[in-house]
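Visitor: Let me give you the structure first, and then I'll get to my questions.
The values are calculated or read from the model by the stated rules, or taken from the named source; none is laboratory data. Everything quoted here is computed from the prediction, not taken from an experiment. Cβ placement follows ideal geometry from the backbone for every residue including glycine, while neighbour counts extend to all protein chains displayed. These accessible areas exclude ligands, DNA and RNA; they are computed on the full protein's heavy atoms, side chains included. Shrake-Rupley method; radii C 1.70, N 1.55, O 1.52, S 1.80 Å.
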Amino acid sequence: MLFLGLLLAALGGAVTATVLTVRGLRAVFRRSGRLRAAALLVGAATVAVYAWGLLHLGYAVMRAEDGGAGSFPIEPCREVGPRVASMVDGYDVSFLPLHFECHLSGGGSYVTSSVPGYVTPTTIVLGLVAVTCGALTTRAAGRT
């Protein structure tokens with residue numbers, strides 16, 4: 001069920017990124033404001049990068065929930081080696097920052113490389129740029 005939710009969220013992110021891109025490109029071609037166009041296009045990039053991370057997270061969840069032969073230890077948790085992976089008793093996902101975490105039976109946990117490391121920092125930086133451009137656009141519109 002978690003996999004389906006992640007897949008739908010990634011699809012929604014792709015649709016949102018497409019809509020923001022189209023609106024941003026319209027603003028560029030209509031010359032209705034560079035800051036507004038920048039805010040829309042950078043916002044689209046932010047949503048697209050986060051949706052890309054959700055796809056990676058969904059794939060890791062799909063592999064973890066596969067109950068076929070060779071399903072133990074959980075496949076995304078195998079990257080640390082067989083000795084540690086054999087102590088995995090569950091997993092958890094986090095949405096901020098995006099990551100897949102394996103829980104160990106003796107306590108403790110570790111984060112896998114299922115989601116690329118650039119997703120969270122890129123999302124944060126692009127999000128801050130988009131919010132700044134949007135705030136400046138609002139401020140400039142208030143002056144006129």
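Visitor: Would you check if there is a residue in region 21-34 being open to solvent by 80 Å² or more (accessible area, probe 1.4 Å), over 18 Å from the mean Cα position of the chain (by Cα), hydrophobic (A, V, I, L, M, F, W, C) and closer than 24 Å to residue 141 by Cα?
Guide: Looking for residues that are open to solvent by 80 Å² or more (accessible area, probe 1.4 Å), over 18 Å from the mean Cα position of the chain (by Cα), hydrophobic (A, V, I, L, M, F, W, C) and closer than 24 Å to residue 141 by Cα, one finds at least one in region 21-34, hence yes.
Visitor: So which residues in region 19-57 are among the β-branched types (Val, Ile, Thr) and farther than 23 Å from residue 97 by Cα, if there are any at all?
Guide: Just the residues of region 19-57 that are among the β-branched types (Val, Ile, Thr), to begin with: 19, 21-22, 28, 42, 46-47, 49.
Across region 19-57, the qualifying residues are 19, 21, 22, 28.
Visitor: Further, regarding this structure: Which of (1) on the phi > 0 side of the Ramachandran plot; (2) touching a Lys or Arg at 6+ places or on another chain (Cβ under 6 Å) does residue 107 not meet, given it meets every other one?
Guide: Unmet for residue 107, out of (1) on the phi > 0 side of the Ramachandran plot; (2) touching a Lys or Arg at 6+ places or on another chain (Cβ under 6 Å): (2).
Visitor: Continuing with this model, one more query. Tell me the residue from 121, 116 that is within 22 Å of residue 13 (Cα to Cα), surrounded by 13 or more Cβ atoms within 10 Å (Cβ to Cβ) and of a type outside the set (A, V, I, L, M), please.
Guide: Going through 121, 116 in turn, just one is within 22 Å of residue 13 (Cα to Cα), surrounded by 13 or more Cβ atoms within 10 Å (Cβ to Cβ) and of a type outside the set (A, V, I, L, M): 116.
Let's see how each residue does on (1) in contact (Cβ under 8 Å) with a residue 12 or more places away in the chain; (2) in contact with a Ser or Thr (Cβ under 7 Å, 6 or more places away or on another chain); (3) under 30 Å from residue 136 (Cα atoms):
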{"residue": "51", "(1), (2), (3)": "yes, no, yes"}
{"residue": "63", "(1), (2), (3)": "yes, no, no"}
{"residue": "73", "(1), (2), (3)": "yes, yes, no"}
{"residue": "84", "(1), (2), (3)": "yes, no, no"}
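Visitor: Now for a different question. If I go through region 116-143 residue by residue, how many of them are touching a residue at least 12 places away in the same chain (Cβ under 8 Å) and more than 20 Å from residue 44 (Cβ to Cβ)?
Guide: Summing the residues that are touching a residue at least 12 places away in the same chain (Cβ under 8 Å) and more than 20 Å from residue 44 (Cβ to Cβ) in region 116-143 gives 1.
Visitor: When only residues in region 35-52 that are under 13 Å from the mean Cα position of the chain (by Cα) and of a type outside the set (A, V, I, L, M, F, W, C) count, which is least open to solvent (accessible area, probe 1.4 Å)?
Guide: Only one residue tops the list, namely 46.
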